[in-house]
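Comments concern the structure below.
The values are calculated or read from the model by the stated rules, or taken from the named source; none is laboratory data. Small disclaimer: the values here were computed from a predicted structure and weren't measured. In this analysis, Cβ positions are derived from the backbone assuming ideal geometry, glycine residues included, and neighbour counts consider all displayed protein chains.
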């Protein structure tokens, strides 16, 4: 079973504090868990995407929402619509940019996760939409986020 790096961090920190006898005031002495540069780019891209979404009036409901079927990067509300958002971050716009990386298979996964979110929250009465945020982040520059509304359907 693969566990995302950092997914267990809170439990790991508590465990280390316990076995090392560290109280809450000393918790900052635990060194950070290293993150692969590609994963860090993705995390930074998600932060840039959240900022862009908020600036366009979206309200973030969940981040990295995960169920047995998979994960969606961001769940948000845009007016009265529940929006499931995949974030793709690239250093350059090669190969069609981030939006082109959302394959048919990934779309099906996002739709299944959306169905679970809607069922769990009893939100079937609300419309939903699937967006993609493509974040281009060239080396030495700031991020550029493009929100692609209705990037794909649930069909």
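Residues that are modelled with pLDDT of 90 or more and over 19 Å from the mean Cα position of the chain (by Cα) occur in segment 126-138; there is at least one. Checking residue 87 against (1) farther than 17 Å from residue 43 by Cβ; (2) touching a strand residue (DSSP E or B) at 6+ places or on another chain (Cβ under 8 Å), which test does it fail? Of the numbered conditions (1) farther than 17 Å from residue 43 by Cβ; (2) touching a strand residue (DSSP E or B) at 6+ places or on another chain (Cβ under 8 Å), the odd one out for residue 87 is (1).
Candidates are the residues of segment 44-93 that are on the phi > 0 side of the Ramachandran plot and touching a helix residue (DSSP H, G or I) at 6+ places or on another chain (Cβ under 9 Å); the one that is surrounded by the fewest Cβ atoms within 10 Å (Cβ to Cβ) is 64. From the set of residues in segment 32-43 that are out of contact with any strand residue (DSSP E or B) (no Cβ under 8 Å at 6 or more places or on another chain), under 15 Å from residue 89 (Cα atoms) and touching a residue at least 24 places away in the same chain (Cβ under 8 Å), which is surrounded by the most Cβ atoms within 10 Å (Cβ to Cβ)? Here the residue is 39.
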